[in-house]
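Enquirer: Provided herewith is a single structure, encoded as structure tokens, for subsequent inquiry.
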Amino acid sequence: MFKKTVDFIKSQYPSQGFIPLHEPRFNGNEKKYLMDCIDSTFVSSVGQYVDDFEKQLAHYTGAKYAVATVNGTAALHMALLVAGVKNNDIVITQPLSFIATCNAISYIGASPLFVDVDMDTLGMSPNSLKRYLHENCIKKSDGFTYHKVTNQKITACVPMHTYGHPCKIDEIAEICSQYTIVLIEDAAESIGSFYKEKHTGTFGLLGTFSFNGNKSITSGGGGAIITDNEMLAKKAKHLTTQAKVPHRWEFVHDDVGYNYRMPNLNAALACAQLEQLNTFLKNKRELAHSYIDFFKATEIEFVSEPKGAQSNYWLCAVLLKDKQTRDEFLQFTNNNGVMTRPTWALMNRLSMFKNAICSNVEHAEGIENRLVNLPSSVRVHEK
């Protein structure tokens, strides 16, 4: 079965040798916009492409405002900061996530608290979230929620749309509202994904994206914050540009700022990529359905988009029978010219977060032992 899988994947990328997990495609105006940017000499954090990309991203996602950043981690750090997360606060998140989620929480001095994920979405489980809050937290007279044991304030909740599959974000939003917890979506992997016809990242107070080189669209390095809150958008834009007060020549800064703005060169690339996003998404959905057709006659379970969702299928994934089978599959595929990867080590297992508060995370543990990502690049059709 492993050999048939390798042969099938190679048939999807017939002109390539070694098949990478996810590589970018530059089929549009990338070179044109980059050369225009170079000719303008505005290649750093000020330029027309930055402004254009923010407007285009806001329009695409349906958000009122977008703030481009140097990467997705910076976007999430800034979102947490402007949302009011403080040192020693608790931020609820999921253990099945890329390290950047917890790193951004740690930059503020806050602590992650892990609740389990759902098997059908791979993202935060609203039932696990609700159960944990009901059993372990209390809403005090100030209107905010605190942990019963540590007395820390539960300030924010950061679910992630894992591999581009939307979690049950509307249910999570309702729970957060009941407990006066700020909802910030880690939509790093889910540009082009919709839940109940609404784009990921637009359910919470803020949402964040990554446009790293391995994402569905890329700016090389880059990220963004989206929000409908004008005040927070302006604050994020201000703080990401070193909190510099606009002036023709003077250097006046009115807060501790960050060098987090996306350079114009990266934004030029991002604009060209965003123009092709719908074409990329169509191509990736076709690939996902080819995988579905191939695996349905096997014991290997393909991870399909959840009910009510339209996933971007950033990274296609399968679930093997157990950890031993997973490891054998990883070894065989990588030894035979097909790059596959397991999911991330669970955050609560890492030395930095091993003492963080953690609920029962049996679903995340099962996924960690069984999941493998498959090559998911946009396929280049032969002419």
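Enquirer: Which ranges mark the strands (runs of 3 or more DSSP E) fully within region 180-229 that have 1 or more residues being of a type in the set (Asp, Glu), out of contact with any Asp or Glu (no Cβ under 8 Å at 6 or more places or on another chain) and buried (at least 24 other Cβ atoms within 10 Å of the Cβ)?
Expert: Result: 182-186.
Enquirer: Based on this model, can you work out whether ALA317 counts as within 18 Å of the chain's Cα centre (by Cα), surrounded by fewer than 16 Cβ atoms within 10 Å (Cβ to Cβ) and modelled with pLDDT of 95 or more?
Expert: Numbers: within 18 Å of the chain's Cα centre (by Cα): yes; surrounded by fewer than 16 Cβ atoms within 10 Å (Cβ to Cβ): no; modelled with pLDDT of 95 or more: yes.
Here the answer is no, as ALA317 does not meet what is asked.
Enquirer: Now for a different question. For region 128-174, give me the residue count where each residue is at positive phi and surrounded by 17 or more Cβ atoms within 10 Å (Cβ to Cβ). Lay out the reasoning, then the answer.
Expert: The first filter runs over region 128-174 and keeps only residues at positive phi, leaving 143, 151, 163-164.
From the residues that got through so far, the ones that are surrounded by 17 or more Cβ atoms within 10 Å (Cβ to Cβ) too are 163-164.
The number of residues fulfilling the criteria is 2.
Enquirer: Follow-up question, since we're still on this one. Of all residues in region 83-122, count the ones that are more than 16 Å from TYR146 (Cβ to Cβ), open to solvent by 10 Å² or more (accessible area, probe 1.4 Å) and touching a Lys or Arg at 6+ places or on another chain (Cβ under 8 Å).
Expert: 4
Enquirer: Of all residues in region 330-353, count the ones that are farther than 17 Å from SER376 by Cα and assigned to a helix (DSSP H, G or I).
Expert: Number of matching residues: 6.
To keep it simple, each residue is scored yes or no on (1) within 26 Å of THR279 (Cβ to Cβ); (2) modelled with pLDDT of 95 or more; (3) touching a helix residue (DSSP H, G or I) at 6+ places or on another chain (Cβ under 6 Å); (4) among the small types (Gly, Ala, Ser).
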site: ARG25; (1), (2), (3), (4): yes, yes, no, no
site: GLY28; (1), (2), (3), (4): yes, yes, yes, yes
site: LEU34; (1), (2), (3), (4): yes, yes, yes, no
site: VAL50; (1), (2), (3), (4): yes, yes, yes, no
site: VAL85; (1), (2), (3), (4): no, yes, no, no
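Enquirer: Another question about this same structure. Just give me the residues in region 41-59 being in a helix (DSSP H, G or I) and open to solvent by 50 Å² or more (accessible area, probe 1.4 Å), in sequence order. So that I can check it myself, show each step before the final result.
Expert: From region 41-59, those in a helix (DSSP H, G or I) are 48-59; that's our starting set.
Scanning region 41-59 gives GLN48, ASP51, LYS55, GLN56, HIS59.
Enquirer: Here's something else I'd like to know. If you take the residues in region 362-379 that are open to solvent by 10 Å² or more (accessible area, probe 1.4 Å) and within 26 Å of TYR132 (Cα to Cα), which one is nearest to the chain's Cα centre (by Cα)?
Expert: That would be GLU368.
Enquirer: Moving on. Kindly provide the set of residues from region 263-301 that are under 21 Å from GLY28 (Cα atoms) and polar (S, T, N, Q), ordered by number.
Expert: Just the residues of region 263-301 that are under 21 Å from GLY28 (Cα atoms), to begin with: 263-287.
If the condition is that a residue be under 21 Å from GLY28 (Cα atoms) and polar (S, T, N, Q), then ASN264, ASN266, GLN273, GLN276, ASN278, THR279, ASN283 are the ones that fit.
Enquirer: Of the conditions (1) open to solvent by 20 Å² or more (accessible area, probe 1.4 Å); (2) closer than 22 Å to ILE169 by Cβ; (3) of a type in the set (Gly, Ala, Ser), SER125 fails just one. Which one is it?
Expert: It fails just one condition, (1).
Enquirer: Taking the residues in region 60-78 that are part of a helix (DSSP H, G or I) and in contact with a helix residue (DSSP H, G or I) (Cβ under 7 Å, 6 or more places away or on another chain) as candidates, determine which candidate is surrounded by the most Cβ atoms within 10 Å (Cβ to Cβ). Working first, answer last.
Expert: Initially, region 60-78 is screened for residues part of a helix (DSSP H, G or I), giving 60-61, 72-78.
Now restrict to residues that are in contact with a helix residue (DSSP H, G or I) (Cβ under 7 Å, 6 or more places away or on another chain): 60, 72-73, 76-78.
Values: TYR60: 16, GLY72: 27, THR73: 22, LEU76: 32, HIS77: 25, MET78: 26.
Restricting to residues being part of a helix (DSSP H, G or I) and in contact with a helix residue (DSSP H, G or I) (Cβ under 7 Å, 6 or more places away or on another chain), the top hit is LEU76.
Enquirer: Scan GLY207, GLY143, GLY220 and give me the residue that is in contact (Cβ under 8 Å) with a residue 12 or more places away in the chain and closer than 23 Å to ARG25 by Cβ. If you could, list the steps in order and put the result at the bottom.
Expert: Numbers: GLY207 fails: closer than 23 Å to ARG25 by Cβ; GLY143 fails: closer than 23 Å to ARG25 by Cβ.
Result of the check over GLY207, GLY143, GLY220: GLY220.
Enquirer: Within the set of pairs 6 or more residues apart or between chains, which connect a residue that is closer than 21 Å to CYS316 by Cα inside region 11-31 to a residue that is of a type in the set (Phe, Trp, Tyr) with Cβ atoms less than 6 Å apart?
Expert: Within 6 Å, the pairs are ILE19/TYR13.
Enquirer: If you check every pair at least six apart or on different chains, which have Cβ atoms under 6 Å apart with a residue in region 302-327 that is within 19 Å of ALA364 (Cβ to Cβ) first and a residue that is among the hydrophobic types (A, V, I, L, M, F, W, C) and open to solvent by 20 Å² or more (accessible area, probe 1.4 Å) second?
Expert: VAL318/PHE302
Enquirer: Out of GLY221, GLY207, which single residue is modelled with pLDDT under 95 and within 17 Å of ALA104 (Cα to Cα)? If you could, list the steps in order and put the result at the bottom.
Expert: Numbers: GLY207 fails: modelled with pLDDT under 95.
Exactly one of GLY221, GLY207 is modelled with pLDDT under 95 and within 17 Å of ALA104 (Cα to Cα), namely GLY221.
Enquirer: Confirm whether SER377 is assigned to a loop (DSSP other than H, G, I, E, B), touching an Asp or Glu at 6+ places or on another chain (Cβ under 7 Å), modelled with pLDDT of 95 or more and not aliphatic (A, V, I, L, M). Before the answer, list the steps.
Expert: On the way: assigned to a loop (DSSP other than H, G, I, E, B): yes; touching an Asp or Glu at 6+ places or on another chain (Cβ under 7 Å): yes; modelled with pLDDT of 95 or more: yes; not aliphatic (A, V, I, L, M): yes.
In short, yes.
Enquirer: Further question: Do we find that CYS137 is closer than 30 Å to ALA288 by Cβ and in contact with a strand residue (DSSP E or B) (Cβ under 6 Å, 6 or more places away or on another chain) in this structure?
Expert: Values: closer than 30 Å to ALA288 by Cβ: no; in contact with a strand residue (DSSP E or B) (Cβ under 6 Å, 6 or more places away or on another chain): yes.
Taking the combined requirement at face value, the residue does not satisfy it.
Enquirer: Within region 320-328, identify whether any single residue is buried (at least 22 other Cβ atoms within 10 Å of the Cβ) and touching a strand residue (DSSP E or B) at 6+ places or on another chain (Cβ under 7 Å), and answer yes or no.
Expert: No, every residue in region 320-328 fails to be buried (at least 22 other Cβ atoms within 10 Å of the Cβ) and touching a strand residue (DSSP E or B) at 6+ places or on another chain (Cβ under 7 Å).
Enquirer: Output the qualifying pairs, or none if there are none: Cβ atoms under 6 angstrom, residues six or more apart or on different chains, first residue in region 276-291 and farther than 13 Å from SER311 by Cβ, second residue open to solvent by 20 Å² or more (accessible area, probe 1.4 Å) and among the small types (Gly, Ala, Ser).
Expert: GLN276/GLY28
The values are calculated or read from the model by the stated rules, or taken from the named source; none is laboratory data. This structure is a prediction, so every number in the text was calculated from the model and none was measured. FYI the Cβ positions are ideal-geometry reconstructions off the backbone, even for glycines, and counts take in every protein chain you see. Note: areas computed on protein heavy atoms with side chains; ligands, DNA, RNA excluded. Shrake-Rupley method; radii C 1.70, N 1.55, O 1.52, S 1.80 Å.
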